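Presented below is the structure to which this report refers.
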Amino acid sequence: MLKGFKDFLFRGNIIDLAIAVVIGTAFVAVVTAFSNGIINPILAVFGGDTELGLGFHLVADKPATFVQVGPIITAALNFAIIAAVLYFVVVLPAMHVKKRFATSEADLTDSDVLRQIRDLLAEGKDSAGGRHES
């Protein structure tokens, strides 16, 4: 039982996933710090004179009905920044590597593959004399 668990833990996929989670968490912290240090002060310029920030009141003179728009904008910008960095740092290079080292068989259509299977079966039938070997 412990051997199976050890094999599970030391498979390449689990270790790669753990590294990705740690790096992703650190990257989110960097983007959050960027948002808190740069984006939030810029949004506060448009927020008005109150301490509530960027947003609007649903009912006048009731602070509990204040709808904050600033955090929504900040979250959307955080998502856009993280998605852009992941695309340009991980996805794009992976696509280039895949194209560079891809074999020519990856360009085959389904019909081409079926023709190859048919031809291989026909060759096998001719060489075996029409009998199935065991």
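The values are calculated or read from the model by the stated rules, or taken from the named source; none is laboratory data. Bear in mind the structure is a predicted one, so any value in this text is a computation, not a measurement. Ideal geometry is used to build each Cβ from the backbone, glycine not excepted, and the neighbour counts take in all protein chains shown. Please note that ligands, DNA and RNA were not included when accessible areas were found on the heavy atoms of the full protein model with its side chains. Shrake-Rupley method; radii C 1.70, N 1.55, O 1.52, S 1.80 Å.
Observations on the model:
- Yes/no for residue 53 being at positive phi and either open to solvent by 70 Å² or more (accessible area, probe 1.4 Å) or part of a loop (DSSP other than H, G, I, E, B) (or both): yes
- Filtered residues of the range 98-133 (kept if surrounded by 10 or more Cβ atoms within 10 Å (Cβ to Cβ) and either at pLDDT below 85 or of a type in the set (Phe, Trp, Tyr) (or both)): 98, 102, 108, 124, 125, 128
- Residue in the range 80-89 that is over 18 Å from residue 38 (Cβ atoms), over 12 Å from the mean Cα position of the chain (by Cα), aliphatic (A, V, I, L, M) and open to solvent by 70 Å² or more (accessible area, probe 1.4 Å) present: no
- Some residue of the range 70-89 being at pLDDT below 85 and part of a loop (DSSP other than H, G, I, E, B): no
- Filter pass, residue 64 being free of Cβ contacts under 8 Å to residues at least 24 places away in the same chain, open to solvent by 80 Å² or more (accessible area, probe 1.4 Å) and of a type in the set (A, V, I, L, M): yes
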